[in-house]
Amino acid sequence: MRFAHFIFLQQARLKTGRLVQAIRFADDQEMTASSEEGLQRMVEALERISEEYGMRINLKKTKVMMFTNGQPRKVLIWLRNTELEQVQEFCYLGSLLTEDVRCDKEIKKRIAMAKAAFMRRGELLGGNTSKDLKKRMVKALVWSVALYGSETWILRKEDIKLSRCRSGARWKRSAGQHMCQMNKS
């Protein structure tokens, strides 16, 4: 059995104050550490335990990312005499994570996906459909796409403006309203 890992160099802290050092989803394992040495020890321990259960870490799928507000630097993490690839961004569970911890790329991606979802449903929003039903359909079919993962976003003023559709993305259909106006109802 093989499984992939995504490794971060920065520990996360819950609102309760507890440190998060590992996150698991299906066959994925994410680990966080506050130092390069600590992360290397965690990787080695995980490899040892994985082998005890007959599993191997997939070196091609295993990535390292260092979250930083300052200047990014190279992180050297080794596994089975192979240096793990360090990435600047990574899509995990449908959300784009970036080393600078900004959300603007993710928000733009979500707006584009929501616009595509809206355009695919255009025939449903036309004709004799009531305005109330159109609003409910947009909320169910479009906003769910746009806001997926938004609870993890760290928003800046620019991101809030972007997420409120002031980025120039105007999606008008038969309802005759801007999507942001529909969301306010």
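The values are calculated or read from the model by the stated rules, or taken from the named source; none is laboratory data. Note that the structure is a prediction, hence the values are computed from the model and not measured. Cβ placement follows ideal geometry from the backbone for every residue including glycine, while neighbour counts extend to all protein chains displayed. Accessible surface areas use protein heavy atoms only, side chains included; no ligands, DNA or RNA. Shrake-Rupley method; radii C 1.70, N 1.55, O 1.52, S 1.80 Å.
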Rounded accessible area of residue 48 (nearest 10 Å², 1.4 Å probe): 140 Å²
Cut-off 11 Å between beta-carbons: net charge of the residues surrounding residue 72, Lys and Arg +1, Asp and Glu -1: 0
Cα-based shape type of segment 80-121, given that a ≥ b ≥ c are square roots of the gyration tensor eigenvalues and the cut on a/c is 1.5: prolate
Distant-in-sequence amide H partners of residue 86 (H built 1.01 Å from N, under 5 Å): 64
Heavy-atom surface of segment 41-136, accessible at 1.4 Å and reported per residue (Å²): 61 Å²
Percent accessible area from carbon and sulfur atoms, segment 61-166, protein chains only, probe 1.4 Å: 55 percent
